[in-house]
Amino acid sequence: MLAARGAVPAPSGIPRPAADHAPHCLPPLPERFARATTSLFSPGTQGSCTRPSWPRPLTFSHVPYAANAISSFQATPLSVPLPSPTQVQISLWPRFPSAGAQTCSPFWLHISCLPRTCIVTCPLLCPPPAPPSLLRPSEQQGTPTRAENAFKVRLSIRTALGDKAYAWDTNEEYLFKAMVAFSMRKVPNREATEISHVLLCNVTQRVSFWFVVTDSSKNHTLPAVEVQSAIRMNRNRINNAFSLNDQTLEFLKIPSTLAPPTDPSVPIWIIIFGVIFCIVIVAITLLILSGIRQRRRKNKEPSEVDDAEDKCENMITIENGIPCDPLDTKGGHINDAFMTEDERLTPL
Amino acid sequence: MEKARPLWANPLQFVFACISYAVGLGNVWRFPYLCQMYGGGSFLVPYIIMLIVEGMPLLYLELAVGQRMRQGSIGAFRTISPYLSGVGVASVVVSFFLSMYYNVINAWAFWYLFHSFQDPLPWSVCPLNGNRTGYDEECEKASSTQYFWYRKTLNISPSIQENGSVQWELALCLLLAWLVVYLCILRGTESTGKVVYFTASLPYCVLIIYLVRGLTLHGATNGLMYMFTPKMEQLANPKAWINGATQIFFSLGLGFGSLIAFASYNEPSSNCQKHAIIVSLINSSTSIFASIVTFSIYGFKATFNYENCLRKVSLLLTNTFDLEDGFLTASNLEQVKGYLASAYPSKYSELFPHIRNCSLESELDTAVQGTGLAFIVYTEAIKNMEVSQLWSVLYFFMLLMLGIGSMLGNTAAILTPLTDSKIISSYLPKEAISGLVCLVSCAIGMVFTTEAGNYWFDIFNDYAATLSLLLIVLVETIAVCYVYGLRRFESDLKAMTGRALSWYWKVMWAGVSPLLIVSLLIFYLSDYILTGTLKYQAWEASQGQLVTKDYPAYALAAIGLLVAASTMCIPLVALGTFVLHRLKRGDAAPVA
């Protein structure tokens with residue numbers, strides 16, 4: 001059927017889910033709803049949250065809301081008029097243009113066995129799940145203003161930790177809620193924030209989810225500004241709790257403060273420059289001084305040679321059997337000891 | 001009694017001095033660019049042919065002239081013919097221009113060297129903007145290495161008209177560079193001869209270390225294959241041959257008078273033919289060796305950027321479509337992209353402008369030469385290596401050695417005629433003359449440390465030496481072959497060295513090389529005339545990239561003055577000598 005419609009088959013590397021109709025899960029219900037709705041669930045469906053391992057984009061684009069269901073947060077789930085399950089097609093998967101088919105093709109799932117409550121409660125907490133970059137104002141009309149107080153969180157655990165990556169499960173979510181509650185407790189007026197006040201929703205495979213913090217009456221959500229400043233203050237603690245950093249644990253809409261570079265009082269390069277400069281100056285000075293000394297010595301030598309010649313003229317010394325006298329008469333210009341070769345040899 | 005001319009302590013010092021002078025920055029940053037532009041491995045064909053036909057004969061000629069005349073360039077050509085001493089003067093003028101701007105490169109190398117002792121390297125991270133929520137805007141648009149070069153080092157102004165002030169940090173580095181050069185030339189050949197042992201050999205040590213490191217880098221083979229794949233059709237491109245000829249010509253440093261100066265300190269009997277062949281072969285093989293290193297670094301950088309690009313695209317897709325973290329890899333990216341495009345056409349089309357096509361080819365295609373290669377591309381590759389401080393220190397130390405080695409030759413070309421001249425050397429000792437030359441060059445060189453200094457540097461680099469040198473070497477060759485007489489020169493050489501001159505050299509000197517130089521001259525002149533107005537690349541801070549602008553009128557006048565200052569020396573001095581001789585003859589006639 002897919003081929004007939006001309007749709008592109010899924011890339012081969014993507015694992016396919018088991019072709020069963022087990023109720024695939026939504027994010028776990030907030031605790032208080034879970035209590036109220038145990039009767040609705042058959043024991044088998046609750047808790048059997050297997051997470052398929054194929055990528056699933058987050059689109060709740062087809063959930064029809066009943067306007068009055070949204071207005072009162074306190075309304076019990078059962079009082080909300082719900083369309084029958086067959087009409088509710090909550091596409092957790094990209095919808096292929098196949099009308100009414102119940103086949104579990106790998107990329108979409110026709111969920112007809114969802115716990116009804118979750119259909120209502122999750123969308124009430126969170127804005128229509130669309131990537132924030134594509135979120136348009138018009139889509140927000142049907143949503144409560146609480147959506148503005150919700151933040152999307154995105155984790156890249158595998159990128160950060162590689163082989164040591166842990167799986168994102170309910171325990172991790174509990175820890176996250178605890179960290180957010182901890183951050184809120186540091187805010188002056190909000191010391192009474194409990195873990196149960198933090199609501200998570202729309203957890204995807206990515207891993208990404210939305211969260212919102214409600215106040216003690218659970219009626220209203222805390223303003224975004226407070227939550228933002230609380231998270232910013234404790235960002236480091238939150239990061240460390242998950243062994244992640246600012247880039248791998250992202251709070252969209254909460255910019256992180258970048259660490260300023262450490263500036264030493266004296267720039268390092270000037271120190272090195274100073275050292276080399278001094279060495280070069282010292283070397284130049286030494287060379288110039290030694291050059292001057294050499295020149296002075298050279299200037300003294302010719303005068304010393306002249307003194308020696310004078311001495312020879314005054315005293316008659318005998319050196320090698322040749323008295324200096326004959327040498328003197330020539331005034332030291334011609335040295336008889338060295339005769340030219342031509343004069344000694346008889347010409348042929 | 002006349003002072004004996006200082007000599008090299010041994011022939012090895014002379015060879016090392018020539019190698020240290022000839023092997024300079026051009027081998028590292030110009031040859032790889034030419035190789036890339038003109039067909040990779042096939043560029044070696046015109047290069048080697050030009051080496052044999054043009055490089056070796058002209059180098060031998062200069063060394064022989066210096067060794068025979070035993071004087072600097074001015075004295076040597078005055079001996080050949082008094083009317084031609086203008087050639088020597090032109091050489092000195094060109095060397096003076098060169099030394100003024102060349103030492104600025106050493107100043108930059110010092111600056112980067114001093115900044116390499118930090119962790120992290122300052123050009124690897126962008127500085128933060130005012131409110132610390134992001135990075136500096138200029139740095140975001142360009143890259144951190146470009147930002148460090150254009151903003152932190154040069155602090156470049158948007159155009160050549162805006163002069164700005166002298167950058168004191170760079171001025172200090174220039175002062176240090178001149179002090180180091182002065183230290184090396186202080187005692188003439190005595191000190192130069194010892195320094196060239198280091199400046200000639202240390203770059204090779206660093207190049208070998210870099211070769212080993214470069215070849216073991218991830219992605220190095222991509223760059224090497226890209227470079228050495230010969231594109232034979234480029235052999236038919238005349239530009240490849242012309243560029244091969246000019247590269248050989250300028251790489252050997254002919255016409256500056258440095259080779260004549262070095263050879264003049266030789267023993268008359270030394271075998272300059274052997275030295276010429278050794279020096280030119282070592283110079284060319286260093287070029288090829290350096291380009292292997294450069295291309296392995298290119299390959300590493302391109303692969304790194306390509307993988308980064310892929311990572312960014314994967315992240316964007318993962319975030320937009322909320323796919324599982326780590327699902328997208330390089331191998332399945334295209335498949336998944338195609339799938340997503342058909343499954344979510346609207347969303348995908350919104351995303352499409354942001355998904356750039358990552359291509360290894362386009363990363364490798366970025367051919368860069370000159371200061372851009374040395375200070376931007378290389379630093380970008382170095383910052384991604386492990387222990388990047390060590391590699392950075394080694395690299396800039398090598399650049400310094402290459403630069404100082406060439407500076408020694410340049411200053412020798414200026415100082416040898418000055419110290420040979422009896423008038424000047426009787427008043428001032430050698431150290432004072434060297435000091436004065438360094439001081440004047442340093443003072444004028446401060447122009448290149450202003451904010452518009454890099455634009456003036458480009459003017460000097462492109463125009464001060466190119467045309468003038470071709471003319472100088474042409475006149476030199478004609479002077480030796482036809483004015484002095486090739487036969488007379490041949491017998492001089494035979495008496496001096498005891499070896500006969502091979503017919504090959506005679507043919508080259510008298511015929512082939514002058515013709516080659518004339519054709520190069522014609523090419524350059526026609527290129528200048530055809531291009532019309534000269535343009536330059538200016539850095540635009542707001543866009544974070546280079547833009548092309550026209551030179552203003554006074555810059556064009558400065559270019560004309562540069563070229564004229566050296567080329568006009570030849571006819572002017574000839575004319576002056578002619579006039580002086582006429583005057584002397586006029587004076588002598590009444591007496592006789």
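Points to keep in mind about this one:
- Applying the condition of being within 8 Å of chain A (Cβ to nearest Cβ) and assigned to a helix (DSSP H, G or I) to segment B:316-339 and asking which residue is farthest from B:Trp391 (Cα to Cα) yields B:Tyr339.
- Yes/no for B:Asn131 being farther than 30 Å from A:Asp246 by Cα and surrounded by fewer than 20 Cβ atoms within 10 Å (Cβ to Cβ): no
- Residue identified as surrounded by fewer than 20 Cβ atoms within 10 Å (Cβ to Cβ), under 19 Å from the mean Cα position of the chain (by Cα), of a type in the set (A, V, I, L, M, F, W, C) and in a helix (DSSP H, G or I) among B:Leu467, B:Leu436: B:Leu467
- Residues in segment B:222-250 that are more than 22 Å from the chain's Cα centre (by Cα) and either aliphatic (A, V, I, L, M) or surrounded by 15 or more Cβ atoms within 10 Å (Cβ to Cβ) (or both): B:Asn222, B:Gly223, B:Leu224, B:Met225, B:Tyr226, B:Phe228, B:Pro230, B:Met232, B:Gln234, B:Leu235, B:Ala236, B:Asn237.
- Answer residue from segment B:364-392, given it is of a type in the set (Asp, Glu) and open to solvent by 50 Å² or more (accessible area, probe 1.4 Å) and is nearest to B:Ala302 (Cα to Cα) among those: B:Asp365
- Selection from segment B:344-363 of residues that are facing chain A (nearest Cβ under 8 Å) and crowded, with 19+ Cβ neighbours inside 10 Å: B:Lys347
- Residue in segment B:346-356 that is among the hydroxyl-bearing types (Ser, Thr, Tyr), closer than 29 Å to A:Leu249 by Cβ, part of a helix (DSSP H, G or I) and at pLDDT below 85 present: yes
- For segment B:164-179, the tally of residues that are at the interface with another protein chain (Cβ under 7 Å from one of its Cβ atoms) and open to solvent by less than 20 Å² (accessible area, probe 1.4 Å) stands at 1.
- Matching helices (runs of 4 or more DSSP H) fully within segment B:54-168 where at least 1 residues are out of contact with any Asp or Glu (no Cβ under 9 Å at 6 or more places or on another chain) and more than 21 Å from B:Gly26 (Cβ to Cβ): B:56-69, B:73-80, B:85-114, B:137-141
- Where B:Cys126 falls short, out of the listed (1) open to solvent by less than 10 Å² (accessible area, probe 1.4 Å); (2) of a type outside the set (Ser, Thr, Tyr); (3) within 14 Å of another protein chain (Cβ to nearest Cβ): (1)
- Here B:Leu310 clears all of (1) within 30 Å of A:Leu249 (Cβ to Cβ); (2) away from every other protein chain (no Cβ under 13 Å); (3) of a type in the set (A, V, I, L, M); (4) free of Cβ contacts under 8 Å to residues at least 12 places away in the same chain except the condition numbered (4).
- Residues located in segment A:194-242, provided they are outside any strand (DSSP E or B), in contact with a Pro (Cβ under 7 Å, 6 or more places away or on another chain) and away from chain B (no Cβ under 14 Å): none
- Against the list (1) within 18 Å of A:Thr159 (Cβ to Cβ); (2) open to solvent by less than 70 Å² (accessible area, probe 1.4 Å), the condition A:Gln247 fails is (2).
- Restricting segment A:263-277 to residues that are more than 9 Å from every other protein chain (Cβ to nearest Cβ) and assigned to a helix (DSSP H, G or I), the residue that is surrounded by the most Cβ atoms within 10 Å (Cβ to Cβ): A:Gly274
- Options A:Ala224, A:Ala160, A:Ala167; residue that is under 15 Å from A:Asn149 (Cβ atoms) and open to solvent by 20 Å² or more (accessible area, probe 1.4 Å): A:Ala224
- Leading residue by the ranking (surrounded by the most Cβ atoms within 10 Å (Cβ to Cβ)) among those in segment B:517-536 that are in contact with a Leu (Cβ under 9 Å, 6 or more places away or on another chain) and modelled with pLDDT of 90 or more: B:Ile517
- Residue check for A:Leu258: within 14 Å of another protein chain (Cβ to nearest Cβ), closer than 30 Å to B:Phe117 by Cα and either open to solvent by 20 Å² or more (accessible area, probe 1.4 Å) or of a type in the set (A, V, I, L, M) (or both): yes
- Scanning segment B:395-430 for residues that are open to solvent by less than 40 Å² (accessible area, probe 1.4 Å) and not in a helix (DSSP H, G or I) turns up just one, B:Ser421.
- Any chance B:Ala565 is surrounded by 14 or more Cβ atoms within 10 Å (Cβ to Cβ), under 18 Å from B:Ala464 (Cα atoms), modelled with pLDDT of 90 or more and out of contact with any Lys or Arg (no Cβ under 7 Å at 6 or more places or on another chain): yes
- Candidates are the residues of segment A:170-193 that are within 14 Å of A:Thr214 (Cα to Cα) and open to solvent by 90 Å² or more (accessible area, probe 1.4 Å); the one that is farthest from the other protein chains (Cβ to nearest Cβ) is A:Glu191.
Here's the yes/no breakdown for (1) under 22 Å from the mean Cα position of the chain (by Cα); (2) within 29 Å of B:Gln389 (Cβ to Cβ); (3) within 14 Å of chain A (Cβ to nearest Cβ); (4) not hydroxyl-bearing (Ser, Thr, Tyr):
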{"position": "B:Phe43", "(1), (2), (3), (4)": "yes, no, no, yes"}
{"position": "B:Ile52", "(1), (2), (3), (4)": "yes, no, no, yes"}
{"position": "B:Leu58", "(1), (2), (3), (4)": "yes, no, no, yes"}
{"position": "B:Gly75", "(1), (2), (3), (4)": "no, no, no, yes"}
{"position": "B:Val87", "(1), (2), (3), (4)": "no, no, no, yes"}
{"position": "B:Val94", "(1), (2), (3), (4)": "yes, no, no, yes"}
{"position": "B:Ile105", "(1), (2), (3), (4)": "yes, yes, no, yes"}
{"position": "B:His115", "(1), (2), (3), (4)": "no, yes, yes, yes"}
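- Filter pass, B:Ala302 being in contact with a Phe, Trp or Tyr (Cβ under 8 Å, 6 or more places away or on another chain) and part of a helix (DSSP H, G or I): no
- Pair list, Cβ < 6 Å and 6+ apart or interchain, from segment A:282-303 residues that are within 12 Å of another protein chain (Cβ to nearest Cβ) to residues that are open to solvent by less than 100 Å² (accessible area, probe 1.4 Å) and not polar (S, T, N, Q): A:Ala283/B:Leu183; A:Ile284/B:Leu183; A:Leu287/B:Leu186; A:Ile288/B:Glu431; A:Gly291/B:Glu431
- Of the listed requirements (1) in contact with a helix residue (DSSP H, G or I) (Cβ under 7 Å, 6 or more places away or on another chain); (2) surrounded by 14 or more Cβ atoms within 10 Å (Cβ to Cβ), B:Tyr339 misses just one: (1).
- Only one of the numbered conditions (1) in a helix (DSSP H, G or I); (2) of a type in the set (Ser, Thr, Tyr); (3) modelled with pLDDT under 90 is not met by B:Thr577, and that is (3).
The values are calculated or read from the model by the stated rules, or taken from the named source; none is laboratory data. Only a predicted model underlies this, so the values are computations on that prediction, with no experimental measurement involved. FYI the Cβ positions are ideal-geometry reconstructions off the backbone, even for glycines, and counts take in every protein chain you see. Side chains are part of the model used for accessible areas, which takes the heavy atoms of the whole protein and leaves out ligands, DNA and RNA. Shrake-Rupley method; radii C 1.70, N 1.55, O 1.52, S 1.80 Å.
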